[in-house]
Amino acid sequence: MNEEQFLRLERLIGRDKVERLHNKRVTVIGCGAVGGYALEALVRSGVGKIRVVDFDTFTYSNINRQILATYSSVGLKKVLVAKQRILDIFPDCSVETVDAFVNEDNYEEITKDSDIVLDCIDSVKSKIGLIAYCTTHNIEIISSMGAALRRDPTLIRYSTIKDTYGCPLARQVRTGLRKMNVPLNVMCVFSPEQVDFKYNSENAEADEVSGRKKLVLGSLVTITAIFGEMMAHLALTKLLDIKGFEIN
């Protein structure tokens, strides 16, 4: 590692905190529109141990909003592209890839030894199950609510899931967690911008590669990038034990 790589970060938060980040493990689940930008920020901030979880491959329709999606990555596994990107930015980073769809059979495997988990997945069932697992096992998790269909970046904010409003996905998640008697105090990023959409199977289409039904919704890179960057920033404040949202 070149000693100048994290010089600007050291000048801001101090060498001791940068060294602390080198020894932290973050698991990013889903490295698409939101997760890719979260991953980028974490690696550029010096997080030294990264686990990337995703089952998907890149398609041309990903290029408009996913930082890891390029013409040369179309058809490639997202986790492999993510690993190469991480090592191009931070060669000394320890990278683990898990090529799997997230479900109750692998929650333990994909979250083990994590200092914090970033939930950037779009499957409602998997999202609820993952949050429930992490909460009941005292694993720090930050979750992304719905970023698709939004147009106004100034409305993006963070709160506990309990305090979200105006987001159909967050409403689904709250309902699911309440049925499982899981506390709603998990931190998340969301937007209350009104959208005319219901998160249900009637609005899902079969994915050409996996065959799994998924929501195909319009989205802007300016929105999904902010979601990912805000998740990463929240993660950094928690990893450094800094109170409040701002690093100082």
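The values are calculated or read from the model by the stated rules, or taken from the named source; none is laboratory data. Owing to the predicted nature of the structure, the values given are computational and were not obtained by experimental measurement. Cβ atoms come from the backbone with ideal geometry, glycine included; neighbour counts cover every protein chain shown. Accessible surface areas use protein heavy atoms only, side chains included; no ligands, DNA or RNA. Shrake-Rupley method; radii C 1.70, N 1.55, O 1.52, S 1.80 Å.
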Quiz item: Is one or more of the residues making up the range 6-17 modelled with pLDDT of 95 or more, crowded, with 19+ Cβ neighbours inside 10 Å and touching a Lys or Arg at 6+ places or on another chain (Cβ under 7 Å)?
Solution: no
Practice problem: Return the residue satisfying two criteria in turn: it lies in the range 51-67 and is aliphatic (A, V, I, L, M) and open to solvent by 10 Å² or more (accessible area, probe 1.4 Å), and of such residues it is farthest from residue 228 (Cα to Cα). | Solution: 63
Exercise. For the range 139-152, state whether one or more residues are touching a helix residue (DSSP H, G or I) at 6+ places or on another chain (Cβ under 6 Å) and more than 16 Å from residue 186 (Cβ to Cβ).
Key: yes
Practice problem: Restricting attention to the range 90-113, report how many residues are open to solvent by less than 20 Å² (accessible area, probe 1.4 Å), touching a helix residue (DSSP H, G or I) at 6+ places or on another chain (Cβ under 9 Å) and not aromatic (Phe, Trp, Tyr). | Solution: 5
Quiz item: In the range 159-186, how many residues are under 18 Å from residue 34 (Cβ atoms) and either crowded, with 18+ Cβ neighbours inside 10 Å or in contact with a Lys or Arg (Cβ under 8 Å, 6 or more places away or on another chain) (or both)?
Solution: 9
Exercise. Could you grab me the full set of residues in the range 22-44 that are crowded, with 23+ Cβ neighbours inside 10 Å and closer than 19 Å to residue 115 by Cβ?
Key: 26, 27, 28, 29, 30, 31, 35, 38, 39, 42, 43
Exercise. Scan the helices (runs of 4 or more DSSP H) fully inside the range 20-139 and keep the ones with 1 or more residues being touching an Asp or Glu at 6+ places or on another chain (Cβ under 7 Å) and aliphatic (A, V, I, L, M).
Key: 35-44, 78-89, 124-136
